[in-house]
Amino acid sequence: GVALRNAGITLPIMVMSPEENNYYFLFRHNLEPEIYSFDTLAKLIDNIKQYSSLIDFKVRIHIKFDSGMHRLGFTAKEQEQLFSILKEHNTIIQVASVFSHFTSADDASEDSFTEKQLADFLKFSDSLENSIGYNVIKHISNTAGIIRFPHAHLDMVRIGIGMYGID
């Protein structure tokens, strides 16, 4: 992200799995971290407070929802606690997007699970928007999702391995 900023890129840049000791660089270069757990959220809030003299803007974040991959992300059971924290810190944090990842969009035998992931994600994202009081960008489609589930394109898509010609 820092290299992109130094090269003159001014568009939003999302940083996946930010390291705690790099938050200073996120703030200094207006980079937008992925937040996938209460631990990452708490560390971000602590760092915003620590570097508040350097920050004259709300830090834009991207909330990861675990719709079924079970690697990273907030679950539906955690949403009330998450929404409460986001509302409590709405003067320093702004949610830019909410996203998830299809586990099996390339496998027709798993289409019902993919549709369930989409439904769960949309329910979570609607609840998030209602809680924080504004709309956010929503994205869940990976390369296979782009090809096989056009109704899941939402606000944006992530091409991933499709950049290499692999679907």
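The values are calculated or read from the model by the stated rules, or taken from the named source; none is laboratory data. In this text the structure is predicted, and so the values were computed from the model without any measurement. FYI the Cβ positions are ideal-geometry reconstructions off the backbone, even for glycines, and counts take in every protein chain you see. Protein only, heavy atoms only, side chains kept; ligands, DNA and RNA dropped before computing areas. Shrake-Rupley method; radii C 1.70, N 1.55, O 1.52, S 1.80 Å.
Among the residues of the stretch 59-76, count how many are at pLDDT below 95, open to solvent by 20 Å² or more (accessible area, probe 1.4 Å) and not aliphatic (A, V, I, L, M). Working first, answer last.
Step one: of the stretch 59-76, the residues at pLDDT below 95 are 68-72.
Of the ones still in play, those that are also open to solvent by 20 Å² or more (accessible area, probe 1.4 Å) are 69-72.
Now restrict to residues that are not aliphatic (A, V, I, L, M): 70-71.
Qualifying residue count, the stretch 59-76: 2.
Which of the residues spanning the stretch 83-101 are out of contact with any Phe, Trp or Tyr (no Cβ under 9 Å at 6 or more places or on another chain) and of a type in the set (S, T, N, Q)?
Correct list: SER84, ASN90, THR91, SER97.
Which pairs turn up if I take residues in the stretch 26-42 that are under 12 Å from ILE63 (Cβ atoms) and look for partners that are at pLDDT 95 or above and open to solvent by 30 Å² or more (accessible area, probe 1.4 Å) with beta carbon separation below 7 Å, at least 6 apart in sequence or on another chain?
GLU32/PRO12; GLU32/MET14; GLU32/VAL15; GLU32/ARG60; PRO33/VAL15; GLU34/MET14; GLU34/VAL15; LEU41/ILE85
I'm checking my understanding of the structure. Among residues of the stretch 114-130 that are touching a residue at least 40 places away in the same chain (Cβ under 8 Å) and open to solvent by 70 Å² or more (accessible area, probe 1.4 Å), which one is nearest to GLU78 (Cα to Cα)?
Out of the qualifying residues, it is LYS123.
Pick from the stretch 1-51 the residues that are open to solvent by 20 Å² or more (accessible area, probe 1.4 Å) and of a type in the set (Ser, Thr, Tyr): which of them is farthest from HIS89 (Cα to Cα)?
Of everything passing the filter in the stretch 1-51, THR10 is farthest from HIS89 (Cα to Cα).
Please identify the pairs in which a residue from the stretch 55-69 that is touching a residue at least 40 places away in the same chain (Cβ under 8 Å) has its Cβ atom under 6 Å from the Cβ atom of a residue that is assigned to a loop (DSSP other than H, G, I, E, B) and open to solvent by 20 Å² or more (accessible area, probe 1.4 Å), counting only partners at least 6 apart or on another chain.
GLY68/THR103
Do we have ILE140 as touching a His at 6+ places or on another chain (Cβ under 9 Å), at negative phi and not polar (S, T, N, Q) here?
Judged against the criteria, ILE140 is a match.
Scan the stretch 155-162 and give yes if some residue there is surrounded by 15 or more Cβ atoms within 10 Å (Cβ to Cβ) and over 30 Å from TYR23 (Cα atoms), otherwise no.
The answer is yes; a qualifying residue exists.
Would you check which residues across the stretch 77-113 are among the aliphatic types (A, V, I, L, M), open to solvent by less than 60 Å² (accessible area, probe 1.4 Å) and over 20 Å from ALA42 (Cβ atoms) and list them?
Initial filter on the stretch 77-113 (among the aliphatic types (A, V, I, L, M)): 82, 85-86, 92-93, 95-96, 98, 105, 108.
Now drop any that are not open to solvent by less than 60 Å² (accessible area, probe 1.4 Å), which leaves 82, 85-86, 92-93, 95-96, 98, 105.
Residue satisfying the conditions is ALA105 alone.
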